[in-house]
1. Which of the residues that make up segment A:46-70 are under 23 Å from residue A:226 (Cβ atoms) and free of Cβ contacts under 8 Å to residues at least 40 places away in the same chain?
2. Restricting the search to segment A:46-66, which residues are within 20 Å of residue A:14 (Cα to Cα) and among the acidic types (Asp, Glu)?
3. What's the total number of residues in segment A:205-229 that are under 12 Å from residue A:34 (Cβ atoms), open to solvent by 70 Å² or more (accessible area, probe 1.4 Å) and in contact with a Leu (Cβ under 9 Å, 6 or more places away or on another chain)?
4. Got a number for residues in segment B:91-107 being open to solvent by 10 Å² or more (accessible area, probe 1.4 Å), in a loop (DSSP other than H, G, I, E, B) and touching a strand residue (DSSP E or B) at 6+ places or on another chain (Cβ under 7 Å)?
5. Determine which member of the set A:150, A:114 is in contact with a helix residue (DSSP H, G or I) (Cβ under 7 Å, 6 or more places away or on another chain), without any contact (Cβ under 8 Å) to a residue 12 or more places away in the chain and more than 8 Å from chain B (Cβ to nearest Cβ).
6. Which one of B:244, B:170 is within 12 Å of chain A (Cβ to nearest Cβ), under 17 Å from the mean Cα position of the chain (by Cα) and surrounded by 16 or more Cβ atoms within 10 Å (Cβ to Cβ)?
7. Please give the strands (runs of 3 or more DSSP E) falling wholly within segment B:121-174 in which 3 or more residues are among the charged types (D, E, K, R).
8. Before we move on, is residue A:146 among the aromatic types (Phe, Trp, Tyr) and either surrounded by fewer than 20 Cβ atoms within 10 Å (Cβ to Cβ) or farther than 26 Å from residue A:218 by Cβ (or both)?
Amino acid sequence: MIKIKNLTVEVGDKQILNGLNLELKSGEVHAIMGPNGSGKSTLSYVLAGREGYKVTGGSIELDGINLLDLSPEERAVIGLFLAFQYPIEIPGVQMTTFLKTALNSLRKARGEKELDSLAMLKLIKEKQKLLGITDDMLKRPVNVGFSGGEKKRNEVLQMAMLEPIFSVLDETDSGLDIDALKIVAKGINTLRSPDRSFLVITHYQRLLDYIQPDVIHILSKGRIVKTGGAELALELEKNGYAEFIENVA
Amino acid sequence: MLPKTPTPLTSDESAFIHVKAGESLKENLAFIRNDSKDHSIHLNIIVEEEATLELIETYGGNGSYTTNVEMDIFLHRNAVLKHLKNQNESQECVHNNIVSIHQDKSSSYSSLLINKGSKNSHYNVRSILQGEFSTCTFKGINILKEKQKAKATIAIEHQVPNCESFQFYRSVLDDWSVGSFEGRVHVFKEGQKTFARQMSNALLLSPTATMFTRPELEIYADDVECNHGATTGQLDQEQLFYLRSRGIPENVAKNLLIEAFISEMFEGFEDAKL
């Protein structure tokens, strides 16, 4: 599914990722945990193809395709999705227009038939129920006037609509109360399947109580310093990041 | 007292639109040119007491020519005029439009100008609010590319108390195009309780596009609320990336953001199209 090899990335003049290696197989859920400044968000933006992140070495492949050659929209076409840590507000663009344009752009690029308004509406209705998204939210411009929890639920709604094969969730749990967290986790769990993988980036163990990952990685100073099972998160919860960071230093 | 008969017409291509008291009318005027000749158009519009007019003007054509439009508008007591102008002339054309508006008590004028055509266009308005509780709104959209130039000069005179005026402009400028907005609000000494707002926002799609904005407030009354503002910026890169990350191609995403930028202008003119 996804293979990241020896990835080095600079932002400005500063090296943020220092030879990161990561491999996810189809159907797997991996979590990346790490302290602030360890490179978690940089990894998610590099995967999605945001400008300003200079890849100085290494490679990223999704199903054998070199991601680094592709524009952000081309990455979405082959099945990548990033749930933003801070979803962007777009005044003047209605939610439904946005969802419709996005899904039909993907379908068009993949040579599939575009959905008409009725089919689209039906699909939105089905997905919005799952995530407790109100009709009122869909009438508003994208993320404008949404609470923190609504924004995160909206990210998962988009994910449910676009059905990516590889999703990166960048601190989707931050700023959520426990009820919102449960809704978001339910949305993600519903999408889990043998042909989809998820990379869950998080600061806290909390989200992992609801989305059980197969593998947990600890990121520190731009590189993965430890990989393990669910017990690793519990260990972190108890002892914090200190011992892992010192290991590197 | 405003006139109820036409002012002397200054050209052969003229129209006199007269809506009698209490009546309502929809009028569609289209001037499409394919003869590369210059044109002088005189439009004289009188809307009497309690009458309503919805006016749509459309300009288009091919070739190189000049269009001069002179427009006199008189709105009597409680008259309403909703005015849409589509300026989509040939890219080699020069389009000049001089508008004079006189408004009596409690009359309402609202307009949307969609300015896309001409290599050079000038929209020059003088609006006189001479009856209390009258209100006027001038909204404009400039969509310019290549070496197009468009200038709007709007001067509003608040001669009496309790009137409102609004000027809202959105300009989307690509290539080497130049937009210019000069909005003037003149509040006479008698014009107490005037409420006037003015805003010009420009989106520059290229580093060589230019926007000039010059707001002018000339106020002699001491109890008024007048404000003005202007912004000039570029497409938001974060918004663009967010849309693209959802699979929306760059050009489609840009168009979505441009449409979003001008969408507010269509309030009250929902049928209007770019």
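The values are calculated or read from the model by the stated rules, or taken from the named source; none is laboratory data. Treat the numbers as computed from the prediction; the structure is a model and nothing was measured. FYI the Cβ positions are ideal-geometry reconstructions off the backbone, even for glycines, and counts take in every protein chain you see. Ligands, DNA and RNA are excluded from the accessible area calculation, which covers all protein heavy atoms including side chains. Shrake-Rupley method; radii C 1.70, N 1.55, O 1.52, S 1.80 Å.
1. A:46
2. Residue satisfying the conditions is A:51 alone.
3. 2
4. Initial filter on segment B:91-107 (open to solvent by 10 Å² or more (accessible area, probe 1.4 Å)): B:91-92, B:94, B:96, B:98, B:100, B:102, B:104-106.
Restricting the remaining residues to those that are in a loop (DSSP other than H, G, I, E, B) gives B:91-92, B:104-106.
Now narrow it down to the ones that are touching a strand residue (DSSP E or B) at 6+ places or on another chain (Cβ under 7 Å): B:104.
Residues that pass the stated criteria total 1.
5. Residue meeting the stated conditions: A:114.
6. Going through B:244, B:170 in turn, just one is within 12 Å of chain A (Cβ to nearest Cβ), under 17 Å from the mean Cα position of the chain (by Cα) and surrounded by 16 or more Cβ atoms within 10 Å (Cβ to Cβ): B:170.
7. Strands (runs of 3 or more DSSP E) meeting the threshold: B:149-158.
8. Yes: the conditions hold for residue A:146.
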